[in-house]
Structure formats: structure tokens, C-alpha cells
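Reviewing the structure listed below.
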Amino acid sequence: MVHNSVESSTIIVGAVISACEKAGKWREALQIVRSSMQNQVELDRVTFSAAMSACVQDGEWTNALQLFDAMVRDKMDFDTIAFSAVISACDQAGEWEKALQLFAVMAHSTVDSNTITYSALISASEQGSMWEKSLQLFGEMTRNQVEVDTIAFNATIIACDKRGNWEKAWELLNLMLQDEVESDAATFTAAINACEKAAKWEQALSLFNVMVQCLVELSTMTFSAAISACQKEGEWTRALQLVEVMVRNTVESDVVSLSAALGACEKCDEWEKALELYGVMTQIKVESDAITCSAVISAYEK
């Protein structure tokens, strides 16, 4: 009778915590876990996994890692949900080395990795500047036919940007669009950045146009990258067109984007346009820096 009562308590607690996880109530889930442990109610891995997932969903990685430590102390076996939750917590905490160590443990067990696992790992590797590892994990993810989500694509494209591999970033973004995976400003900005670094202004503008067609919200960083790509190749007309689109869409201009446009004018001896643009900067109260002033003076001198 006592055994049945204990088992019943475990099932009830598990069901309540699972409901909390689905409702995004991490505080309540955590409180129930702690109260159950104090009252010596036996909790299983499903219950802990649900509580960890609830914490991770709301960015509460510290609490998720504490729950993981409790599971380790109780010598529990880990399932896919538990591993995914703790690896996601490591990603949020910037603990990329620990995330990779846990994945190694997971790989040696019979537990399968899922989209959440890989996405968190790729993101953690990118944050730890392990760009090659991000690409390797992405390749493994596709080979194992695990569904690739926005987080995995974004982290891998950002890794390509940081690695200076614009071709791979371009390829991944096209694959993302082809597979109809939802893209956002971070996706396009990283790919455009990669093209900008490689002085591929035509590809940068092509991606910018696709971004507009996909109705993705335009950001200051995206405009800055696209304008900078045009500036590097002296495409002042394109750079100024982007500035006009920026103003028309009421996207906040910054010194980086407008300095890049000024630089394009200076490269092509378009001093009148440079002065006009400088006037726009003063009107919208963008603070100029030494580079901006140098570009205006240089354009005027020519």
C-alpha cells in the first residue's frame, strides 16, 4: 500500500511538472521539484527532464544545470530530452566546452540526438569560435536526417561569416530558403556580412533583395553590411540607394552605415554627393567620427 502511494505521488508530480513545462511555468516546476525532494518523493528522469526544459525555455540555465547536477548525484540515466535540455543550458551559459563534453557522452550511449541537441551544440560551438566544429556538426545533422531549424542554420551561417567563408554562407541560406525554414534578420545579416568581407557586393545586394521579398524585418546591421559591401567596390550609386531605402523604411541609421556610404562617394570623387550625405547625417543627428570627417574632406579635396 505504501509502495503504491509513493508510486502514485511520483506519477502525479511528474504530470504536474510536465504541464508546467508546456505552459512555460518554470518557477512552478522548479518549486515542485524542490518541494518533492524535501519530502523525499522519488522523481524520475522524465520529471527532471521536463523541469530542465521549462527552465531552458525561459533562459534559466543556472537552474537547469542545478537540476542536471541533482540527476547526476542520483545516478539517473539520461534520455534525449534531458541531454538536449542540459546542452541547451550550456549554450545559454556560454559553456561550449561542457556542451561538447556532454555530447561526447551522449554519442557513446544509446541516446539519439535531436534538433534541439544539435542546434544548441552548433550555437555553443559558434559562440566559442569553434567555427569548423559548427560546420562539422551541421553536416552530421543533415547526414543523420535530423530536421534542421532556424537556430542551427543561423549559428552555422554566423560561423561561416566569422570564418570568412561567404560561399558556404550563401549556399546555406539558399538551402534554408529552398527547404522553407523560417529565416530572420540574423540569418540574412550574417550572410550579407560574409559577402561584404569578401568584397562580393553583387551577392550582398542579391541577398538584401531576397530579404525584402521574404518580408524579413530590415535592421541597421543589415543595411550597414550591404552598404559597406558596395563601398569596398566603389559602388556609390548603390550605396546611396540603400541609404535612401534605409531612411524611407525609418530604419535607424548609424555612423557605420553612413560612413560606408560616404566612403563610396569619396572613392569615386563624388564630393557633392558626399557633402549631401553628410548633411543628411547632421539632420538625423547621427554623430560623425574621424573616418566620416576624413571621407568628406578627402572627397572635397578631389
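Going through (1) over 23 Å from S119 (Cα atoms); (2) among the acidic types (D, E); (3) not in a loop (DSSP other than H, G, I, E, B) one by one, D69 falls short only on (1).
Among the residues making up the stretch 96-111, those that are within 16 Å of A85 (Cβ to Cβ) and not in a helix (DSSP H, G or I) are S109, V111. Here the helices (runs of 4 or more DSSP H) wholly within the stretch 194-264 that include at least 1 residues being modelled with pLDDT under 85 are 220-232, 236-248. Answer yes or no as to whether I116 is on the phi < 0 side of the Ramachandran plot, touching a residue at least 24 places away in the same chain (Cβ under 8 Å), part of a helix (DSSP H, G or I) and open to solvent by 40 Å² or more (accessible area, probe 1.4 Å). So I116 fits the description; yes.
Restricting the stretch 36-45 to residues that are open to solvent by 50 Å² or more (accessible area, probe 1.4 Å) and part of a helix (DSSP H, G or I), the residue that is farthest from F78 (Cα to Cα) is Q38. Among the residues of the stretch 124-154, those that are over 18 Å from K98 (Cα atoms) and either surrounded by 18 or more Cβ atoms within 10 Å (Cβ to Cβ) or of a type in the set (A, V, I, L, M) (or both) comprise L135, F138, M141, V146, V148, I151, A152, F153, N154.
If you go through the stretch 191-235 one residue at a time, how many are within 21 Å of the chain's Cα centre (by Cα) and among the polar types (S, T, N, Q)?
5
None of F48, F83 is of a type outside the set (D, E), surrounded by 18 or more Cβ atoms within 10 Å (Cβ to Cβ) and under 22 Å from I151 (Cα atoms) except F83. Pairs, please: C-beta under 8 Å, at least 6 apart or cross-chain, first residue at positive phi and in the stretch 155-183, second open to solvent by less than 90 Å² (accessible area, probe 1.4 Å) and of a type outside the set (F, W, Y)? Final answer for the pair search is G164/A194; G164/A198. Among the residues of the stretch 7-17, not a single one is under 26 Å from Q127 (Cβ atoms) and hydroxyl-bearing (S, T, Y).
The values are calculated or read from the model by the stated rules, or taken from the named source; none is laboratory data. If you're wondering where the values come from, they're calculated on a predicted model, not measured in any experiment. Don't worry about glycine lacking a Cβ; one is built from the backbone with ideal geometry, like all the others, and counts go over all protein chains shown. Just the protein is used for accessible areas: all its heavy atoms, side chains included, with ligands, DNA and RNA removed. Shrake-Rupley method; radii C 1.70, N 1.55, O 1.52, S 1.80 Å.
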